[in-house]
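In what follows, a structure is listed as C-alpha coordinates, so that the remarks can point back to it.
The values are calculated or read from the model by the stated rules, or taken from the named source; none is laboratory data. None of these values were measured; they are calculated from a predicted model. A quick note on method: Cβ atoms are made from the backbone with ideal geometry, for glycine too, and the neighbour counts reach across all protein chains shown.
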Amino acid sequence: MNLSLVVFYLLSVVCLGGAVGVVMSRNVVHAALLLLVSLMAVSGLYLLLLAEFLALVQVLIYGGAITIVVLFVIMLTRAQEFRSMSANPQWRLAIVTAFGVFVLLAAAIIKGAPTETVRQSLGFKELGNSLFTDWAVPFEVASLVLLVALIGAIVIARERDVE
Amino acid sequence: MSLIHFQILSAALFSIGIYGVLARRNAVLILLALELMLNAVNINLIAFAAYGELAQAATGQVIAIFVITVAAAEVGLAMAIILRLFRDRSSVDVYDVDVMKW
(Lines give C-alpha, C1' and ligand atoms only; values in the text may rest on other atoms or scores of the structure.)
Protein backbone atom coordinates (compact mmCIF):
# COMPACT_ATOMS: atom_id res chain seq x y z
CA MET A 1 0.00 0.00 0.00
CA ASN A 2 1.79 3.11 -1.17
CA LEU A 3 1.48 6.63 0.13
CA SER A 4 -0.75 8.00 -2.62
CA LEU A 5 -3.30 5.25 -1.95
CA VAL A 6 -3.35 6.16 1.76
CA VAL A 7 -3.87 9.82 0.85
CA PHE A 8 -6.61 8.81 -1.59
CA TYR A 9 -8.51 6.86 1.08
CA LEU A 10 -8.14 9.68 3.61
CA LEU A 11 -9.47 12.25 1.13
CA SER A 12 -12.27 9.89 0.08
CA VAL A 13 -13.41 9.46 3.68
CA VAL A 14 -13.41 13.24 4.24
CA CYS A 15 -15.17 13.86 0.94
CA LEU A 16 -17.90 11.23 1.35
CA GLY A 17 -18.31 11.98 5.06
CA GLY A 18 -18.81 15.66 4.30
CA ALA A 19 -21.25 14.80 1.53
CA VAL A 20 -23.31 12.55 3.82
CA GLY A 21 -23.27 15.39 6.36
CA VAL A 22 -24.59 17.79 3.72
CA VAL A 23 -27.60 15.61 2.91
CA MET A 24 -28.27 14.50 6.52
CA SER A 25 -27.61 17.63 8.59
CA ARG A 26 -30.63 19.23 10.19
CA ASN A 27 -28.96 22.62 10.42
CA VAL A 28 -28.72 24.48 7.11
CA VAL A 29 -25.57 26.39 8.10
CA HIS A 30 -23.85 23.15 9.11
CA ALA A 31 -24.80 21.65 5.74
CA ALA A 32 -23.20 24.59 3.90
CA LEU A 33 -19.99 24.34 5.95
CA LEU A 34 -19.83 20.56 5.49
CA LEU A 35 -20.19 21.13 1.75
CA LEU A 36 -17.05 23.28 1.97
CA VAL A 37 -15.21 20.41 3.73
CA SER A 38 -16.30 17.94 1.06
CA LEU A 39 -15.32 20.27 -1.79
CA MET A 40 -11.88 20.94 -0.33
CA ALA A 41 -11.31 17.17 -0.14
CA VAL A 42 -12.28 17.04 -3.83
CA SER A 43 -9.65 19.71 -4.44
CA GLY A 44 -7.10 17.41 -2.78
CA LEU A 45 -8.24 14.62 -5.10
CA TYR A 46 -7.55 16.89 -8.08
CA LEU A 47 -4.01 17.36 -6.76
CA LEU A 48 -3.72 13.57 -6.53
CA LEU A 49 -4.79 13.45 -10.19
CA LEU A 50 -2.00 15.94 -11.01
CA ALA A 51 -4.48 18.65 -12.04
CA GLU A 52 -2.95 21.57 -10.12
CA PHE A 53 -4.87 24.28 -11.95
CA LEU A 54 -8.23 22.63 -11.30
CA ALA A 55 -7.37 22.22 -7.62
CA LEU A 56 -6.63 25.94 -7.44
CA VAL A 57 -9.84 26.83 -9.29
CA GLN A 58 -11.81 24.52 -6.99
CA VAL A 59 -10.54 26.31 -3.87
CA LEU A 60 -11.11 29.76 -5.38
CA ILE A 61 -14.57 29.21 -6.88
CA TYR A 62 -16.14 26.82 -4.38
CA GLY A 63 -14.30 27.87 -1.22
CA GLY A 64 -14.20 31.56 -2.00
CA ALA A 65 -17.37 32.25 -3.94
CA ILE A 66 -20.08 29.60 -3.90
CA THR A 67 -20.02 28.78 -0.18
CA ILE A 68 -20.07 32.48 0.71
CA VAL A 69 -23.04 33.13 -1.61
CA VAL A 70 -24.90 30.15 -0.14
CA LEU A 71 -24.23 31.35 3.43
CA PHE A 72 -25.44 34.85 2.51
CA VAL A 73 -28.68 33.48 1.11
CA ILE A 74 -29.16 31.25 4.18
CA MET A 75 -28.83 34.34 6.36
CA LEU A 76 -31.16 36.41 4.16
CA THR A 77 -33.86 33.74 3.96
CA ARG A 78 -33.58 32.87 7.66
CA ALA A 79 -33.71 29.24 6.55
CA GLN A 80 -32.89 27.99 10.04
CA GLU A 81 -36.48 28.64 10.99
CA PHE A 82 -37.48 25.81 8.68
CA ARG A 83 -35.49 23.09 10.39
CA SER A 84 -38.47 20.85 10.87
CA MET A 85 -39.16 20.64 7.17
CA SER A 86 -36.17 18.42 6.47
CA ALA A 87 -38.58 15.53 6.87
CA ASN A 88 -39.69 14.74 3.36
CA PRO A 89 -42.32 12.00 2.91
CA GLN A 90 -40.39 10.48 -0.02
CA TRP A 91 -37.08 9.96 1.78
CA ARG A 92 -37.37 6.16 1.68
CA LEU A 93 -37.87 6.26 -2.08
CA ALA A 94 -34.90 8.62 -2.27
CA ILE A 95 -32.66 6.13 -0.46
CA VAL A 96 -33.76 3.31 -2.77
CA THR A 97 -33.17 5.48 -5.86
CA ALA A 98 -29.74 6.67 -4.71
CA PHE A 99 -28.66 3.14 -3.80
CA GLY A 100 -29.97 1.78 -7.10
CA VAL A 101 -28.05 4.39 -9.06
CA PHE A 102 -24.88 3.59 -7.12
CA VAL A 103 -25.20 -0.16 -7.71
CA LEU A 104 -25.86 0.42 -11.40
CA LEU A 105 -22.88 2.75 -11.80
CA ALA A 106 -20.56 0.51 -9.76
CA ALA A 107 -21.59 -2.57 -11.77
CA ALA A 108 -20.93 -0.71 -15.03
CA ILE A 109 -17.56 0.57 -13.78
CA ILE A 110 -16.39 -2.84 -12.55
CA LYS A 111 -17.61 -4.54 -15.72
CA GLY A 112 -15.72 -1.97 -17.77
CA ALA A 113 -12.69 -2.65 -15.53
CA PRO A 114 -10.27 0.09 -16.59
CA THR A 115 -6.71 -0.98 -15.84
CA GLU A 116 -4.79 2.25 -16.38
CA THR A 117 -2.46 2.94 -13.49
CA VAL A 118 -0.17 5.58 -15.01
CA ARG A 119 -1.08 9.18 -14.33
CA GLN A 120 0.17 11.96 -16.55
CA SER A 121 0.60 15.57 -15.61
CA LEU A 122 -0.68 18.34 -17.82
CA GLY A 123 1.18 21.61 -17.36
CA PHE A 124 -0.41 25.06 -17.02
CA LYS A 125 1.08 25.96 -20.40
CA GLU A 126 -0.53 23.08 -22.30
CA LEU A 127 -3.87 23.71 -20.58
CA GLY A 128 -3.76 27.42 -21.46
CA ASN A 129 -2.77 26.65 -25.04
CA SER A 130 -5.65 24.23 -25.41
CA LEU A 131 -8.11 26.64 -23.79
CA PHE A 132 -7.26 29.50 -26.15
CA THR A 133 -6.87 27.53 -29.37
CA ASP A 134 -9.07 24.43 -29.59
CA TRP A 135 -11.59 25.69 -27.04
CA ALA A 136 -11.53 29.42 -27.81
CA VAL A 137 -15.15 29.62 -29.02
CA PRO A 138 -16.66 27.67 -26.07
CA PHE A 139 -14.51 29.81 -23.77
CA GLU A 140 -16.07 33.00 -25.15
CA VAL A 141 -19.54 31.43 -24.95
CA ALA A 142 -18.84 30.63 -21.27
CA SER A 143 -18.14 34.32 -20.62
CA LEU A 144 -21.46 35.14 -22.30
CA VAL A 145 -23.20 32.57 -20.08
CA LEU A 146 -21.74 34.24 -16.99
CA LEU A 147 -22.84 37.69 -18.21
CA VAL A 148 -26.39 36.51 -18.90
CA ALA A 149 -26.54 34.74 -15.51
CA LEU A 150 -25.34 37.94 -13.78
CA ILE A 151 -27.94 40.14 -15.49
CA GLY A 152 -30.64 37.53 -14.96
CA ALA A 153 -29.83 37.24 -11.26
CA ILE A 154 -30.05 41.02 -10.83
CA VAL A 155 -33.35 41.22 -12.71
CA ILE A 156 -34.89 38.34 -10.73
CA ALA A 157 -33.74 39.48 -7.29
CA ARG A 158 -34.55 43.18 -7.81
CA GLU A 159 -37.36 44.81 -5.85
CA ARG A 160 -40.36 45.25 -8.12
CA ASP A 161 -41.64 48.29 -6.17
CA VAL A 162 -38.91 50.50 -7.62
CA GLU A 163 -40.60 50.58 -11.04
CA MET B 1 -4.37 3.49 -7.08
CA SER B 2 -5.99 3.25 -10.48
CA LEU B 3 -8.79 4.85 -12.45
CA ILE B 4 -11.42 2.55 -10.94
CA HIS B 5 -10.90 4.01 -7.43
CA PHE B 6 -11.81 7.47 -8.63
CA GLN B 7 -14.75 6.19 -10.65
CA ILE B 8 -16.25 4.37 -7.66
CA LEU B 9 -15.74 7.46 -5.47
CA SER B 10 -17.41 9.60 -8.12
CA ALA B 11 -20.37 7.19 -8.34
CA ALA B 12 -20.77 7.24 -4.53
CA LEU B 13 -20.67 11.06 -4.43
CA PHE B 14 -23.22 11.26 -7.25
CA SER B 15 -25.58 8.86 -5.44
CA ILE B 16 -25.34 10.88 -2.24
CA GLY B 17 -26.20 13.96 -4.31
CA ILE B 18 -29.24 12.19 -5.79
CA TYR B 19 -30.45 11.30 -2.30
CA GLY B 20 -30.02 14.93 -1.21
CA VAL B 21 -31.94 16.31 -4.19
CA LEU B 22 -34.83 13.86 -3.70
CA ALA B 23 -35.10 13.84 0.10
CA ARG B 24 -34.71 17.53 0.97
CA ARG B 25 -37.44 20.17 1.06
CA ASN B 26 -35.33 23.27 1.58
CA ALA B 27 -34.43 24.80 -1.80
CA VAL B 28 -30.97 25.84 -0.54
CA LEU B 29 -30.18 22.29 0.57
CA ILE B 30 -31.34 20.87 -2.78
CA LEU B 31 -28.87 23.23 -4.46
CA LEU B 32 -26.06 22.05 -2.16
CA ALA B 33 -26.78 18.43 -3.12
CA LEU B 34 -26.72 19.51 -6.78
CA GLU B 35 -23.23 20.91 -6.23
CA LEU B 36 -22.14 17.50 -4.90
CA MET B 37 -23.37 15.86 -8.10
CA LEU B 38 -21.53 18.40 -10.27
CA ASN B 39 -18.34 17.68 -8.32
CA ALA B 40 -18.79 13.93 -8.83
CA VAL B 41 -18.93 14.57 -12.58
CA ASN B 42 -15.79 16.72 -12.37
CA ILE B 43 -13.85 14.01 -10.50
CA ASN B 44 -14.76 11.59 -13.27
CA LEU B 45 -13.71 14.01 -16.02
CA ILE B 46 -10.36 14.82 -14.41
CA ALA B 47 -9.64 11.17 -13.56
CA PHE B 48 -10.16 10.21 -17.19
CA ALA B 49 -7.99 13.15 -18.24
CA ALA B 50 -5.19 12.00 -15.92
CA TYR B 51 -5.29 8.32 -16.85
CA GLY B 52 -6.05 8.61 -20.55
CA GLU B 53 -3.81 9.61 -23.44
CA LEU B 54 -1.82 12.76 -22.86
CA ALA B 55 -3.08 14.28 -26.12
CA GLN B 56 -6.62 14.14 -24.76
CA ALA B 57 -5.77 15.26 -21.22
CA ALA B 58 -6.43 18.94 -21.96
CA THR B 59 -9.95 18.12 -23.20
CA GLY B 60 -11.01 16.59 -19.89
CA GLN B 61 -9.60 19.43 -17.82
CA VAL B 62 -11.08 22.14 -20.07
CA ILE B 63 -14.54 20.56 -19.88
CA ALA B 64 -14.16 20.40 -16.08
CA ILE B 65 -13.40 24.15 -16.12
CA PHE B 66 -16.58 24.73 -18.12
CA VAL B 67 -18.58 22.64 -15.63
CA ILE B 68 -17.25 24.78 -12.78
CA THR B 69 -18.09 27.96 -14.72
CA VAL B 70 -21.66 26.85 -15.37
CA ALA B 71 -21.99 25.74 -11.73
CA ALA B 72 -21.00 29.23 -10.58
CA ALA B 73 -23.53 30.84 -12.94
CA GLU B 74 -26.16 28.35 -11.80
CA VAL B 75 -25.59 29.12 -8.11
CA GLY B 76 -25.90 32.86 -8.77
CA LEU B 77 -29.18 32.45 -10.64
CA ALA B 78 -30.62 29.88 -8.24
CA MET B 79 -29.85 32.08 -5.25
CA ALA B 80 -31.64 35.00 -6.94
CA ILE B 81 -34.65 32.75 -7.57
CA ILE B 82 -34.62 31.52 -3.94
CA LEU B 83 -34.44 35.12 -2.66
CA ARG B 84 -37.40 36.10 -4.87
CA LEU B 85 -39.27 32.98 -3.70
CA PHE B 86 -38.66 33.89 -0.06
CA ARG B 87 -39.83 37.46 -0.64
CA ASP B 88 -43.03 36.38 -2.37
CA ARG B 89 -43.94 33.35 -0.23
CA SER B 90 -41.91 33.81 2.99
CA SER B 91 -40.69 30.24 2.57
CA VAL B 92 -37.92 28.29 0.87
CA ASP B 93 -39.84 25.02 1.04
CA VAL B 94 -40.16 23.52 -2.44
CA TYR B 95 -43.49 22.00 -1.42
CA ASP B 96 -44.91 25.53 -1.32
CA VAL B 97 -44.18 26.11 -5.02
CA ASP B 98 -46.22 23.34 -6.59
CA VAL B 99 -48.48 25.59 -8.70
CA MET B 100 -47.13 24.09 -11.92
CA LYS B 101 -47.32 20.54 -10.60
CA TRP B 102 -49.59 18.39 -12.70
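Can you tell me which of A:F132, A:F139 is surrounded by 15 or more Cβ atoms within 10 Å (Cβ to Cβ) and either aromatic (F, W, Y) or assigned by TED's automatic domain parsing to the domain that holds A:L48 (or both)?
After ruling out the rest, the residue left standing is A:F139.
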Query raised in the report: Within region A:27-46, can you find the residues that are over 22 Å from A:V6 (Cα atoms) and either surrounded by 24 or more Cβ atoms within 10 Å (Cβ to Cβ) or touching a residue at least 40 places away in the same chain (Cβ under 8 Å) (or both)?
Result: A:N27, A:V28, A:V29, A:A31, A:A32, A:L35
Query raised in the report: Quick one: which of B:I30, B:I68 is touching a helix residue (DSSP H, G or I) at 6+ places or on another chain (Cβ under 6 Å), under 16 Å from A:V42 (Cβ atoms) and β-branched (V, I, T)?
Result: B:I68
Query raised in the report: Given the conditions (1) modelled with pLDDT of 85 or more; (2) more than 23 Å from the chain's Cα centre (by Cα); (3) facing chain B (nearest Cβ under 7 Å), and given that A:A98 satisfies all but one, which numbered condition is not satisfied?
Result: (2)
Report task. Could you please tell me which pairs satisfy a Cβ distance under 7 Å, a separation of 6+ or placement on different chains, a first residue in region B:61-86 that is in contact (Cβ under 8 Å) with a residue 24 or more places away in the chain, and a second residue that is crowded, with 19+ Cβ neighbours inside 10 Å and hydroxyl-bearing (S, T, Y)? Result -> B:I82/A:T77
**Report entry** Criterion: within 25 Å of B:T69 (Cα to Cα) and in a helix (DSSP H, G or I) - qualifying residue of A:A98, A:A94, A:A65, A:A106
**Finding:** A:A65
**Report entry** Looking only at region B:45-96, and only at residues there that are more than 7 Å from chain A (Cβ to nearest Cβ) and closer than 14 Å to A:I156 by Cβ, the one that is surrounded by the fewest Cβ atoms within 10 Å (Cβ to Cβ)
**Finding:** B:D88
Query - Selection within region A:39-57 - more than 7 Å from chain B (Cβ to nearest Cβ) and within 11 Å of the chain's Cα centre (by Cα) - result: A:M40, A:A41, A:S43
Requested in this report: Please state which one of A:N88, A:N2, A:N27 is of a type in the set (S, T, N, Q) and touching a helix residue (DSSP H, G or I) at 6+ places or on another chain (Cβ under 6 Å).
Outcome: A:N88
Report summary line: Those residues of region B:44-55 that are assigned to a helix (DSSP H, G or I) and within 14 Å of A:R119 (Cβ to Cβ) come to a total of 7
Requested in this report: For A:L131, indicate whether it is within 7 Å of chain B (Cβ to nearest Cβ), at pLDDT below 90 and under 25 Å from B:S91 (Cα atoms).
Outcome: no
Report task. Determine, yes or no, whether B:V28 is within 7 Å of chain A (Cβ to nearest Cβ), buried (at least 22 other Cβ atoms within 10 Å of the Cβ) and part of a helix (DSSP H, G or I). Result -> yes
